[in-house]
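The values are calculated or read from the model by the stated rules, or taken from the named source; none is laboratory data. Note that the structure is a prediction, hence the values are computed from the model and not measured. As a convention, Cβ positions derive from the backbone with ideal geometry for all residues, glycine included, and neighbour counts pool all protein chains shown.
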C-alpha cells in the first residue's frame with residue numbers, strides 16, 4: 001500500500017523527505033476527554049486552504065515543515081526529515097474519544113506536539129472568525145495522517161479512477177463512466193437517500209450495471225464502511241460484514257500476508 005499523502009502530493013511540487021495529510025477537524029472538549037463529533041471532519045474551500053497554508057508557513061518558518069495545498073483542496077504537511085510514526089484516518093476517529101487514535105511510534109511525540117501547537121495557532125484564526133461569522137463549524141485542529149516518504153512519481157495503476165478521494169484523485173478523474181468500461185474505482189461521498197444520490201446512480205451505477213449485463217466488466221463491488229456487496233453477471237449477490245482494509249476490497253494484493 002503506497003503512502004496516501006505521498007501519492008496525493010506526488011512529491012516534486014513540495015520538496016521534502018516525509019509528508020502527511022492535514023485534515024481540518026473540529027474537536028469537542030469534555031471534562032475528562034476530547035472527542036471528534038461524527039460530523040467533525042471540516043470541509044475547506046480553496047481560499048481557506050491557501051490562507052491556512054500561507055499563514056502556517058509564516059508562523060512556523062524555520063521549523064523544518066510546511067503546509068502545501070494539492071488537488072482536491074487537500075492540505076499536506078511536508079517535513080524535511082523522515083518520521084517513524086503510524087497514524088489513523090480521521091474517519092475512524094469521528095464520533096469517538098480521540099485518545100485511542102493518537103499517532104504512535106518513535107517520532108509520535110513530535111507529531112502529537114505539533115498537533116497541539118496547531119490547535120493553539122488555529123484558536124481565533126482569521127479563517128475561523130470568518131467561518132463563525134457565517135455560522136459555519138470552526139476548525140479546532142489539523143489531523144495528521146496517511147504519512148510516508150515523498151516520492152518523485154506516482155505508482156502505476158491499471159484502470160481509471162473518479163470521485164472524491166484523497167488517494168485515487170491523484171491518478172486522474174473521469175467525469176462519467178467510461179464507454180470502454182474496464183477496471184475502475186469511483187469514490188462517492190454522497191449517501192443513498194440524499195438529494196445528490198440520483199445523480200450518482202445516473203452517472204455511475206446505471207452505466208456500471210449496463211456494462212456488467214453486456215459482459216464489458218466482470219463484476220461490480222460496492223463498499224460502504226465495513227460493508228461490501230459483490231455482483232457478478234450470474235444472479236449471485238454476496239455480502240459480509242467484517243473490518244477489512246479498503247484497498248483489499250478493490251483488488252490490491254499482499255501475498256506476504258496471504259491477501260488475494
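Residue 53 meets the stated requirement of being touching a strand residue (DSSP E or B) at 6+ places or on another chain (Cβ under 9 Å), without any contact (Cβ under 8 Å) to a residue 40 or more places away in the chain and buried (at least 18 other Cβ atoms within 10 Å of the Cβ). Does region 224-237 hold any residues that are surrounded by 15 or more Cβ atoms within 10 Å (Cβ to Cβ) and modelled with pLDDT under 85, and which are they? Of everything in region 224-237, just one residue is surrounded by 15 or more Cβ atoms within 10 Å (Cβ to Cβ) and modelled with pLDDT under 85, namely 228. Among the criteria (1) without any contact (Cβ under 8 Å) to a residue 12 or more places away in the chain; (2) out of contact with any strand residue (DSSP E or B) (no Cβ under 9 Å at 6 or more places or on another chain); (3) loosely packed, with under 14 Cβ neighbours inside 10 Å, the one residue 215 does not fulfil is (1).
For region 136-156, taking the residues that are surrounded by fewer than 17 Cβ atoms within 10 Å (Cβ to Cβ) and modelled with pLDDT of 75 or more, the one that is farthest from residue 186 (Cα to Cα) is identified as 136. Scanning region 18-37 for residues that are surrounded by fewer than 15 Cβ atoms within 10 Å (Cβ to Cβ) and within 21 Å of residue 75 (Cα to Cα) returns a single hit, 37. Taking region 94-140 as the range and being at positive phi and within 18 Å of the chain's Cα centre (by Cα) as the test, only 95 passes.
Would you please name the residue that is surrounded by the fewest Cβ atoms within 10 Å (Cβ to Cβ), looking only at residues in region 183-204 that are under 16 Å from residue 157 (Cα atoms) and touching a strand residue (DSSP E or B) at 6+ places or on another chain (Cβ under 7 Å)? Walk me through how you get there before you give the answer.
From region 183-204, those under 16 Å from residue 157 (Cα atoms) are 183-187; that's our starting set.
So of that shortlist, the ones also touching a strand residue (DSSP E or B) at 6+ places or on another chain (Cβ under 7 Å) come out as 184-187.
Details: 184: 21, 185: 22, 186: 19, 187: 16.
Here the residue is 187.
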